[in-house]
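Everything on this sheet refers to the single structure shown next.
Bear in mind that the values in this text are calculations on the coordinates, not laboratory data. What you see is a predicted model, and the numbers here were worked out from it, not measured in a lab. Neighbour counts are summed over all protein chains in view; Cβ atoms, including those assigned to glycine, are modelled from backbone coordinates with ideal geometry.
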Amino acid sequence: RQLLRPRPRYPFSIPTVRPQRLYSMNHSAPQLKDQSLFIEKAYINGEWVDAKSGETFEVHDPATGKLIGTCPELDVSDVEKAIQAASDAFPKFRTTLGRERARMLRRWYDLMVENADDLAKLITWENGKPLADAKGEVNYAASFFEWFSEEAPAHTPVGVCGLITPWNFPAAMITRKIGPALAAGCTVVAKSPQETPFTANAIAELAHRAGIPKGVVNFVTSSKNTPAVGELITTHPEVRKVSFTGSTNVGRLLMKQSASTIKKVSWELGGNAPFIVFDDVEDLDAAVAGAIASKFRSSGQTCVCANRIYVQEGVYEEFSKRFVEKVKDFKLGGGFGDGITHGPVIHERAANKAHEHVQDATSKGAKIVIGGEKATALGPNFYHPTVLTGMSKDMLLASEETFGPVAGLFSFKTEKEVVDLANRAEVGLAGYFFSGNVRRIFRVAEALEVGMVGVNTGLISDVASPFGGVKQSGFGREGSKYGIDEFMTIKSVTFSGM
Ligand code: NAD
């Protein structure tokens, strides 16, 4: 247990913000109620370990650039041990009674709820999202343990699972996979994102405290060694299933690698969501609120963020005006600051990509109504929330996921035109539209080539709804009654002569 007590490296203090300042540029390291949830190790076979090589990588606060801490730079030999531990634990765990696995998941859920404030602080610290959003994420993340604890009767588990997740939801992307995996009786090796390993480690520590048997969950960390670690996970014969959430390009690579041993796979990849406002919309303010929530949540860094906002001619002017008014109210800054509504993007590359999309659009005739530049006074990772009008389909933003706080407003004339535009994308994760016409609602919901549709709402994620995409957004579903299918096999047993 000594290992669980990290060295006190920081002058911990409650973050303070001067209320008269629009921006909170800096914050100190957050004070956790339970400091032992901050762990600079990897979790293998029930123990907190370092890399055999002793190497570590640094993790930085995206708001301030300050060092948060270091994590082990595991190599393939370290991760072999995690896979072996999961493999050794599998025969016993698969035969553990469903109701016992359910109890374990329920205890893990309870511990996440009890420690929600600390988990939220860790998320804000390493991911940058405002603390209120981080708290929302912890509730969402915990709900997958609660939901799948009720889905854990006798199943045919697929075996050892390799889980690879991104930084944009440091808690929820992990629990959305581990919940159903354990409910089905699988054991797992989870590769944490290098940007946000500390939230993952806190969740692992809560698994330990919940009494999840050793080897059943393993959390491995790596940065520069990630391609090699990824190759090991996707080619190791003991790993029967790979579940990946991340970019389409990395998904493509991992799919090729997984082919060598014919693994069961599920991919939650990138999106480029259309958000359509028809001029028969009943409540334009609700459409504005939906578009704001969908576009700017986590500073535009969710896979289901609206990327292309199509507004029908009759309401375009009015929608744009009201939309910009809302953006003017945003308060940009470090996620711990009072009243901060929007935080930094994850790294400077992400801010540069947002700017590239803005410059490309303006060079082709779009107009910046608000924002349009980096918020350099705050730091290299801040980008001013931006609204562009006069968008057209030849612009980068129309075809590529921006993953930043840039909203492009496109005008359209007819339903057919906008559905064609929406479906031009090679990806198909989420799509949204606002309309007051019931016939149109059924028609358009059916026509959009996406895995998830929001009708008259900008928020679609819930533990009870199947989450996932079509086309190059991947396949497989997470959450809902379908989520557990990804971690099971179907076995037919035919009896004769009994
Ligand atoms: P990314 O693909 O770069 O990284 C995701 C994870 O894969 C990280 O843990 C990373 O370390 C790991 N990784 C990277 N290269 C690897 C390799 N060669 N082998 C093994 N692992 C490797 O994605 P990102 O930039 O971190 O995340 C943003 C992307 O994720 C966006 O495209 C977003 O749309 C997508 N996303 C999708 C969903 C969904 O449910 N569909 C949810 C969240 C994010």
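Numbers for the structure displayed
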{"quantity": "Formal net charge of residues neighbouring R424 (Cβ-Cβ distance under 14 Å; K, R +1; D, E -1)", "calculated": "-3"}
{"quantity": "Compactness of segment 96-239, expressed as Rg and Dmax over alpha-carbon positions, Å", "calculated": "14.6, 42"}
{"quantity": "Where only C-alpha atoms are counted, convex hull volume of segment 329-486 per residue in Å³", "calculated": "156 Å³"}
{"quantity": "In nm, spacing of pseudo-spin labels at K393 and K321 (7 Å Cα→C-beta vector)", "calculated": "3.0 nm"}
{"quantity": "Test item: Cα-centred dipole of the chain, Lys/Arg +1 and Asp/Glu -1 on Cβ, debye", "calculated": "780 debye"}
{"quantity": "Most positive-pole-ward Cα, V438, S294, G314, against dipole of the chain from beta carbon charges", "calculated": "S294"}
{"quantity": "Whole-Å semi-axes of the ellipsoid equivalent to segment 98-158 (Cα gyration tensor, √5λ, descending)", "calculated": "28, 11, 8"}
{"quantity": "Alpha carbon convex hull of segment 207-287, volume per residue in cubic angstrom", "calculated": "204 Å³"}
{"quantity": "Cβ-placed point charges (K, R +1; D, E -1), dipole of segment 422-488 about Cα centre in debye, nearest 20", "calculated": "340 debye"}
{"quantity": "Length-normalised contact order for the chain - Cα pairs under 8 Å, 6+ apart - percent", "calculated": "16 percent"}
{"quantity": "The chain, Rg to Rh (Cα coordinates; Rh as Kirkwood inverse mean 1/r)", "calculated": "0.98"}
{"quantity": "Mean projected area in nm² (Cα convex hull; one quarter of hull surface) for segment 47-144", "calculated": "8.0 nm²"}
{"quantity": "Estimated distance in nm for a label pair at K491 and E373, the labels positioned 7 Å out from Cα along Cα-to-Cβ", "calculated": "6.5 nm"}
{"quantity": "Sequence ranges 212-222, 66-76, ranked by mean other-Cβ count within 10 angstrom, highest first", "calculated": "212-222, 66-76"}
{"quantity": "For segment 344-472: relative contact order, % (alpha-carbon pairs under 8 angstrom, 6 or more apart)", "calculated": "19 percent"}
{"quantity": "Dipole magnitude of segment 248-361, debye to nearest 20 (Cβ charges: Lys/Arg +1, Asp/Glu -1, about Cα centre)", "calculated": "960 debye"}
{"quantity": "Cα gyration tensor shape of segment 240-333, rounded if a/c is under 1.5, else prolate or oblate by comparing a/b with b/c", "calculated": "prolate"}
{"quantity": "Counted charge near R297, where neighbours are those whose Cβ lies closer than 9 Å (Asp, Glu -1; Lys, Arg +1)", "calculated": "+1"}
{"quantity": "Over the chain: helical MRE at 222 nm, DSSP H runs n ≥ 4 each giving -39500 (n - 2.57), nearest 500", "calculated": "-11500 deg cm²/dmol"}
{"quantity": "Charge-dipole axis of the chain as Lys and Arg at +1 and Asp and Glu at -1 on Cβ define it, positive-most pick from Q472, F38, L67", "calculated": "F38"}
{"quantity": "C-alpha center-to-center spacing [segment 93-130, segment 352-371] in angstrom", "calculated": "41 Å"}
{"quantity": "Local electrostatic count, L206, Cβ distance below 11 Å [Lys/Arg +1, Asp/Glu -1]", "calculated": "-3"}
{"quantity": "Relative contact order (%) - segment 227-321, alpha-carbon pairs under 8 angstrom, separation at least six", "calculated": "26 percent"}
{"quantity": "Cα→Cβ-extended label distance, 7 Å offset, between L97 and D117, nm", "calculated": "3.7 nm"}
{"quantity": "Antiparallel DSSP beta bridges within the chain, percent to nearest 5", "calculated": "30 percent"}
{"quantity": "Ordering of 439-446, 293-300 by burial proxy (mean other Cβ atoms within 10 Å per residue, highest first)", "calculated": "293-300, 439-446"}
{"quantity": "Protection proxy ranking, peptides 308-317, 187-196, average beta carbon neighbours within 10 Å, highest first", "calculated": "187-196, 308-317"}
{"quantity": "Under-5 Å amide H pairs with M488, H placed in peptide plane, nonlocal only", "calculated": "V158"}
{"quantity": "Viscosity 1.567 mPa s, 4 °C: Kirkwood-radius Stokes-Einstein D of segment 329-414 over Cα pairs, µm²/s", "calculated": "97 µm²/s"}
